[in-house]
Amino acid sequence: WRIHMNYLGKETTFQWLGHATFLVETPSGRKVLFDPWLGNPSCPEEFQSPEEVDLILLTHGHFDHVADVIPQATKHGCRVVCNVEMAFWLKKMGLPEDQVVEMNKGGSIEICGLRVTMTDAKHSSSVEVDGVLQYGGEPAGFVIETENEFRFYYAGDTCVFSDMALIGELYSPTLAILPIGDHYTMGPREAAKAAHLLGVQMVLPMHYGTFPLLSGTPDQLRESVGSLPIQVIDLEPGQILE
C-alpha cells in the first residue's frame with residue numbers, strides 16, 4: 001500500500017511504526033529513525049527490528065520516545081542526534097561518545113547528507129535514572145531537508161504554538177508529522193491549526209490510538225482541516241508513504 005510523492009525523480013518514504021516512531025528513507029537510501037519505541041502496542045512484530053538505520057533523531061526523553069534508542073544505536077552503530085542533556089544521559093548509559101551528536105534548538109547540522117534543524121516544541125521532558133525522573137532538557141522538533149531539497153517537519157510531542165508560523169516561513173516544509181492524540185499532546189483541532197500555521201500541503205498524524213487516552217483520530221483531523229488545502233494521510237502501522 002503506497003502513495004507516491006516524486007521529487008526530482010526520486011522519492012522519500014515514510015513508514016509509520018506506531019505511536020511516534022517513523023522510519024524515513026531519503027532519496028539516497030539513508031534510513032532515519034525518529035523517536036524509537038519499536039515495542040509499542042501498535043507496531044507489528046515484523047517491523048520491530050529494522051534491518052538498517054543510519055541516523056536516529058530524538059525529540060525528548062519520555063520512555064515512549066526513547067525506549068529503543070540504545071538497542072538500535074548499538075545494533076546499527078549509527079549516530080544519535082538530540083539535545084545536550086539527552087546526549088549526556090545517552091553517554092552515561094553506555095553509548096560511545098562518537099555516536100552521540102548534541103545540538104540545541106535553532107541550530108542546524110549537516111549529517112548523513114541531510115540538513116537537520118532542531119526546532120522548538122512545547123511539552124515536557126525527563127529521563128528515568130534508578131527509578132527517578134530527572135531533567136531531560138527541553139523538548140524539540142526537527143525540520144529535515146533531504147538530498148533533493150524536500151523538507152518535512154517532525155513535531156515531536158507538542159501543543160500548537162504560534163511560532164509554528166515561523167517554522168513555516170523559515171523552512172517551508174511540504175509535509176508535517178503531527179501528534180493528534182490529545183491528553184498528552186495537541187488533539188485534532190489544534191493539529192489542524194498547526195498545519196495551517198506551518199503552511200504544509202500534507203499531514204501525517206501520529207501519537208494517537210496507542211492507548212485509550214490518546215483518543216484523537218485522523219477523521220477528526222480531516223474534519224478540523226475543513227476546506228483548507230491540506231491532505232491528511234493516515235497510515236496503518238507498517239504502511240509506507242512514498
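Bear in mind these aren't lab numbers, they're just calculated from the coordinates by the rules spelled out. None of the values given here were measured: they were computed from a predicted structure. Here the Cβ positions follow ideal geometry from the backbone for every residue, glycine too, while neighbour counts run over all protein chains shown.
For region 42-127, the relative contact order is 26 percent, taking Cα pairs closer than 8 Å that sit 6 or more residues apart in sequence and dividing their mean separation by the residue count. Take 18-25, 209-216 and order them by the average number of nearby Cβ atoms within 10 Å per residue, most first; the result is 18-25, 209-216. In this structure, the residue pairs whose Cα-Cα separation is over 32 Å, taken from Lys31/Lys105; Lys10/Lys75; Lys10/Lys105; Lys105/Lys193; Lys10/Lys91, are Lys10/Lys91.
The length gained on full extension between Ala165 and Asp130, counted as 0.36 nm times the residue separation minus their Cα-Cα distance, comes to 8.6 nm.
Beta-bridge orientation, region 1-106: approximately 50 percent antiparallel, per DSSP, counting only bridges with both partners inside. If both residues of a DSSP beta bridge must be in the chain, then about 60% of such bridges are antiparallel. When only Cα pairs below 8 angstrom with a gap of at least 6 residues are kept, the chain shows a relative contact order of 19 percent. At the listed q of 0.14, 0.16, 0.18 Å⁻¹, the Debye profile of region 80-235, built from one uniform point per Cα, gives log10 I(q)/I(0) equal to -0.73, -0.93, -1.10.
At what distance in angstrom do the alpha carbon centres of region 99-115 and region 14-75 lie from each other? For region 99-115 versus region 14-75, the Cα centre distance is 17 Å.
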